1. Conditions: (1) surrounded by fewer than 23 Cβ atoms within 10 Å (Cβ to Cβ); (2) within 22 Å of G247 (Cα to Cα). L191 meets all but one. Number of the miss?
2. Do any helices (runs of 4 or more DSSP H) lying entirely in the stretch 78-154 carry at least 3 residues that are at pLDDT 95 or above and touching a Phe, Trp or Tyr at 6+ places or on another chain (Cβ under 7 Å), and which ones are they?
3. Quick one: would you say I41 is assigned to a loop (DSSP other than H, G, I, E, B) and modelled with pLDDT of 95 or more?
4. Of all residues in the stretch 67-87, which are crowded, with 19+ Cβ neighbours inside 10 Å and not β-branched (V, I, T)?
5. Please enumerate the residues belonging to the stretch 107-128 that are farther than 14 Å from F77 by Cβ and crowded, with 20+ Cβ neighbours inside 10 Å.
6. For the subset of the stretch 255-269 comprising residues that are over 12 Å from F232 (Cβ atoms) and not basic (K, R), which member is surrounded by the fewest Cβ atoms within 10 Å (Cβ to Cβ)?
7. Within the set of pairs 6 or more residues apart or between chains, which connect a residue that is farther than 15 Å from Y212 by Cβ and free of Cβ contacts under 8 Å to residues at least 24 places away in the same chain inside the stretch 158-174 to a residue that is of a type in the set (A, V, I, L, M, F, W, C) and buried (at least 23 other Cβ atoms within 10 Å of the Cβ) with Cβ atoms less than 7 Å apart?
Amino acid sequence: MAKLCLGTAGFGMKYGINNKTGKSTKKQVFKMFDLARREGIEYIDTAQAYGDAEEILGEYKHRKSFKIITKLLPNCFDDAAGKAINSAIMDMWIGSFIDRLRQDPAAMLLHTPRYIYDEKIRCALRKFRCLADVPIGVSIYNPEDALCAVKLGFDVIQVPYNIFDQRLDYTDFFQLAKEAGVQVFARSPFLQGLILMREDEIPDHLSLAKDYLREFDRIIRKHGFSRLEAAFLFSLTHTGLNHVVFGVDNIRQLKEDIQIAKRRYDFRACCWELTQAFRDVPESIVIPSLWAKETAS
């Protein structure tokens, strides 16, 4: 259970391609937080870009039971330079973490990976880390940025990882992160819900995913797993991941995910076959930001 990190994107806005109910209500969110706390989930993942998720979390009376990982706004330093970056970080820290979350976070992450290549921003973040005693990190989208973030001394790196997105397994990222003492959080175990969708629900611009899902079903059926179990276990059993960030739309889904994390499974044979079958899935499927581009065209 200590490996679980509850994501809050769907608590502050409608999130996920398979979301049929929209944004959760505050009452529903608080019930999910209550369940997570009772079951021993320690980490919550949020961000300034997740609608009013931070405000809702800040209103939860038992919020200090959790270690909160949050992210600065995307592109937040595009118009800042030099000392202005230091001021911008402090303003966002006070505005987001003190005013909205009402407590210091367990880590503060960049939501814009290209910022890791800017020495001024890295310097400002290091100063912030010393001043606030808060670990710094980054949420990345491709293996090149993940490898660079390890070498540049970030404390926390959030990466995409799931059955269809195994790109990092074919680099030395996990070994480097372990040697450097970096905490690795993996998001998107269900690929924003795509892995759990029925074939007739998949939009035309993602029709290529249907063949991969059929092969996924063939493999897990042979080993006696459901899609939900196999997708979640694929991330949970990965030894290079410290935590798995997972999102839910309602308390029923949260209960199901918690039960999967609690049970003991022999997932080795299924995991090996899934690893072999989905070593090279096209980026047009594994990178959600490319889905929007397809839709726009």
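1. In the conditions (1) surrounded by fewer than 23 Cβ atoms within 10 Å (Cβ to Cβ); (2) within 22 Å of G247 (Cα to Cα), L191 misses (1) alone.
2. Values: elements: 83-92, 119-132, 143-151.
Here the list reads 143-151.
3. Details: assigned to a loop (DSSP other than H, G, I, E, B): yes; modelled with pLDDT of 95 or more: yes.
When the stated conditions are applied, I41 passes them.
4. Residues of the stretch 67-87 crowded, with 19+ Cβ neighbours inside 10 Å: 68-72, 76-77, 85.
Of everything in the stretch 67-87, those that are crowded, with 19+ Cβ neighbours inside 10 Å and not β-branched (V, I, T) turn out to be K71, L72, C76, F77.
5. A107
6. The initial filter retains those residues of the stretch 255-269 that are over 12 Å from F232 (Cβ atoms), namely 255, 264, 266, 268-269.
Subsequent filtering for residues that are not basic (K, R) retains 266, 269.
Working: D266: 9, A269: 11.
Residue satisfying both the conditions and the ranking: D266.
7. none
Residues checked against (1) farther than 28 Å from L176 by Cα; (2) of a type in the set (S, T, Y):
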residue	(1), (2)
I68	no, no
F97	yes, no
I121	no, no
R129	no, no
A132	no, no
V138	no, no
Y141	no, yes
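The values are calculated or read from the model by the stated rules, or taken from the named source; none is laboratory data. None of the values given here were measured: they were computed from a predicted structure. Neighbour counts run over all protein chains shown; Cβ positions are idealised from the backbone, glycine included.
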